[in-house]
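Encoded as structure tokens, the structure appears first; notes follow it.
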Amino acid sequence: MYLTDRSAPVKAGTDPARRRGPGRTVAPVVLVLGTVSLITDISSEMVTAVLPLYLVTTLGFSPLGFGTLDGVYNGVSALVQLTGGHLADRVRNHKLMAGLGYGLSALCKPLLLLAGSIGTLGTVLALDRTGKGLRTAPRDAMISLSAPAARQGRAFGVHRAMDTTGAMLGPLAAFLILRAAVDGYDAVFGVSACVAVLGVLVLVLFVPGRQPAPKTDEAADEVVDEAVVADGRQPVRVREALALLRLPPLRALAGCAALLGLTTVSDAFVYLLLQRRAGIGEEWFPLLPLGTAAVFLLLAVPVGALADRIGRRTVFLTGHAVLLAGYALLLWAPATPALPAAVLALHGTFYAATDGVLPAALAAIVPDRLRASGLALVGTSQALARFCCSLAFGAAWTVWGDGPALAGSAIGLLCCAGVASIVLRPAETTR
């Protein structure tokens, strides 16, 4: 039932609008949120595409210094996700919390023009990630609540495909701006700020406001003990959200997401490694994320639909096996012209098999009224683990070099994937 929710029956008491949704029709709210994410990702990926090279070559950061900043970039978002998810459930207004998150990130973009030290950059990036943390769980909750249980993977796949379209256009825009502008990096940061504001406007104008109060039913009673189940009209309390950790399937998902995140090398490090390994010129560096995004875009919807049919656990773990293959190419494959294409293809496939599949797997576990909190718990465990990985990888690169650091991550990922396959196996027998 939990990770292989291929034929989940519609429970009595389910919202009729959700029950009668056409088999292959995507809810309008998914498309609108996908548009918001598309625009916002153009803005954020413009910055992400140039930031590693800007910090390492222009500002002279060491791999350890960059790893610290990259860890902050991911770690702050992880901590704030819990707050954003709980507040969205408590006020029962997912749009409000998502809007605050998108707005804060938009405000941070022009501040990058003033940041020149590790302390200032760290503060700006922390604020930007605070915005991401506030918006992620409420946004995913809106997507989850708009789709029937048997179509969760497809709904998230459609959203991630639109999101990734922005991730493709962002690096391309950064590349063109760097080639055309005299002060290329400042121009990238300035245009990024303008695009981010547009994304906030689309959210405010076109995403529906308050969602109807979800009904509590037998499924919710199984998830949260009667002692902590409140009337659906009452605000969600912190102890209700924390009570979700008593669920074995949710604990398994959160634990495995964290375990695998500990050995998932940051995208920025993957691109830096690929640039060095393949001898790619600095002027082409901003286009590397474009390769990952293109593959993600092509595969997000079909892989999400596949996860609905054959099991989300299987697809999720297969994605990490694909990532391991990418690490192996970076370590041992000859530096041929085909190497960048192969590594980026594997990197994009990894995201298609994991990024939307993980929240889709939670749909059958967490009741509607605690959906954002449940998503935040699992997302936070994963993001905190990746924060630790960024710090550890940056330190290992500084001390031992990039090759041994990546080899250690590859060995760790192999071991963690083996453990995760055992931990998640019991869920596969339950429908």
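The values are calculated or read from the model by the stated rules, or taken from the named source; none is laboratory data. This structure is a prediction, so every number in the text was calculated from the model and none was measured. Using ideal geometry, Cβ is built from the backbone for each residue, glycine included, and neighbour counts are taken over all protein chains shown.
Results for (1) in contact (Cβ under 8 Å) with a residue 60 or more places away in the chain; (2) touching a Cys at 6+ places or on another chain (Cβ under 7 Å); (3) not aromatic (Phe, Trp, Tyr), shown as yes or no for each residue.
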| position | (1), (2), (3) |
| --- | --- |
| ALA333 | no, no, yes |
| PRO337 | no, no, yes |
| PHE350 | no, no, no |
| ALA364 | yes, no, yes |
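Inside segment 327-364, can you point out the residues that are part of a helix (DSSP H, G or I) and in contact with a Phe, Trp or Tyr (Cβ under 7 Å, 6 or more places away or on another chain)? Working first, answer last.
The first filter runs over segment 327-364 and keeps only residues part of a helix (DSSP H, G or I), leaving 327-332, 338-354, 357-361.
Correct list: GLY348, TYR351, ALA352, ALA353, THR354, VAL357, LEU358, PRO359, ALA360, ALA361.
Can you name every residue in segment 301-355 that is among the basic types (Lys, Arg) and closer than 18 Å to SER144 by Cβ?
Going residue by residue through segment 301-355, those that are among the basic types (Lys, Arg) are 309, 312-313.
Within segment 301-355, ARG312, ARG313 qualify.
Please verify whether ALA254 is touching a helix residue (DSSP H, G or I) at 6+ places or on another chain (Cβ under 6 Å), at pLDDT 85 or above, of a type in the set (Gly, Ala, Ser) and under 30 Å from TYR185 (Cα atoms), treating the condition exactly as stated.
Details: touching a helix residue (DSSP H, G or I) at 6+ places or on another chain (Cβ under 6 Å): yes; at pLDDT 85 or above: yes; of a type in the set (Gly, Ala, Ser): yes; under 30 Å from TYR185 (Cα atoms): no.
In short, no.
To keep it simple, each residue is scored yes or no on (1) touching a Ser or Thr at 6+ places or on another chain (Cβ under 6 Å); (2) closer than 15 Å to VAL32 by Cα.
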| residue | (1), (2) |
| --- | --- |
| THR83 | no, no |
| ALA88 | no, no |
| HIS94 | no, yes |
| LYS109 | yes, no |
| LEU112 | no, no |
| PRO138 | no, yes |
| SER144 | no, yes |
| ALA161 | no, yes |
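For segment 398-414, enumerate the residues that are without any contact (Cβ under 8 Å) to a residue 12 or more places away in the chain and not small (Gly, Ala, Ser).
Within segment 398-414, VAL399, TRP400, PRO404, ILE411 qualify.
Using beta carbons and a limit of 9 Å, which pairs, at least six apart or on different chains, have the first residue in segment 55-67 and on the phi > 0 side of the Ramachandran plot and the second one crowded, with 18+ Cβ neighbours inside 10 Å?
none
Among the candidates VAL295, VAL343, single out the residue that is crowded, with 17+ Cβ neighbours inside 10 Å and modelled with pLDDT of 95 or more. Lay out the reasoning, then the answer.
Details: VAL295 fails: modelled with pLDDT of 95 or more.
After applying the criteria, what remains is VAL343.
What about GLY408, is it in a helix (DSSP H, G or I) and within 13 Å of VAL270 (Cβ to Cβ)?
On the way: in a helix (DSSP H, G or I): yes; within 13 Å of VAL270 (Cβ to Cβ): no.
So GLY408 does not fit the description; no.
I need the full set of residues from segment 366-382 which are surrounded by fewer than 24 Cβ atoms within 10 Å (Cβ to Cβ) and not in a helix (DSSP H, G or I), in order please.
PRO367
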